[in-house]
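**Q** Provided herewith is a single structure, encoded as structure tokens, for subsequent inquiry.
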Amino acid sequence: MNIGQRIKAKRKELKMSADELAKRLGKDRSTIYRYEKGDIENLPLDILEPIAKALETTPAYLMGWISEETANKNSVITEIITHLRTDDEFFS
């Protein structure tokens, strides 16, 4: 599966329209379709991260470097670490 297929699969999994994803990213629907079709193969980092966030996954999953299961575990770990860092009671 390539990056475009992963973007489309995650979008569909979340029951998100291309219009909604485009709006979240400040892009046109046609740009989202171009990402999904593979017309734009080399996504710049400044768009890869926002796409991953909007699709509730990681850039590493979208790039195919890790599995979806690993991406989900990493997201949970990141949330826990963020919560602990902002929890004043934990560090006092």
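**Q** Restricting the first residue to segment 14-35 and requiring it to be closer than 19 Å to Met63 by Cα and open to solvent by 70 Å² or more (accessible area, probe 1.4 Å), which pairs with a second residue that is at pLDDT below 95 and not in a loop (DSSP other than H, G, I, E, B) meet a Cβ separation below 9 Å and a spacing of at least six or different chains?
**A** Matching pairs, first to second residue: Arg34/Gly4.
**Q** Does Lys73 fit the bill of being of a type in the set (D, E, K, R), open to solvent by 90 Å² or more (accessible area, probe 1.4 Å), modelled with pLDDT under 95 and out of contact with any strand residue (DSSP E or B) (no Cβ under 9 Å at 6 or more places or on another chain)? Even if it seems obvious, please write down each step before you answer.
**A** Numbers: of a type in the set (D, E, K, R): yes; open to solvent by 90 Å² or more (accessible area, probe 1.4 Å): yes; modelled with pLDDT under 95: yes; out of contact with any strand residue (DSSP E or B) (no Cβ under 9 Å at 6 or more places or on another chain): yes.
Here the answer is yes, as Lys73 does meet what is asked.
**Q** Return yes when Gly4 is over 14 Å from the mean Cα position of the chain (by Cα) and either open to solvent by 90 Å² or more (accessible area, probe 1.4 Å) or small (Gly, Ala, Ser) (or both) and no when it is not.
**A** no
**Q** Give me the residue from segment 54-67 that is free of Cβ contacts under 8 Å to residues at least 24 places away in the same chain and surrounded by 14 or more Cβ atoms within 10 Å (Cβ to Cβ) and, out of that set, nearest to Leu14 (Cα to Cα).
**A** Residue satisfying both the conditions and the ranking: Thr58.
The values are calculated or read from the model by the stated rules, or taken from the named source; none is laboratory data. Here the structure is a predicted model, which is why all the values come from computation and not from measurement. Glycine gets a Cβ as well: all are built from the backbone with ideal geometry, and neighbour counts include every protein chain shown. All accessible areas refer to the heavy atoms of the entire protein, side chains included, with ligands and DNA or RNA removed. Shrake-Rupley method; radii C 1.70, N 1.55, O 1.52, S 1.80 Å.
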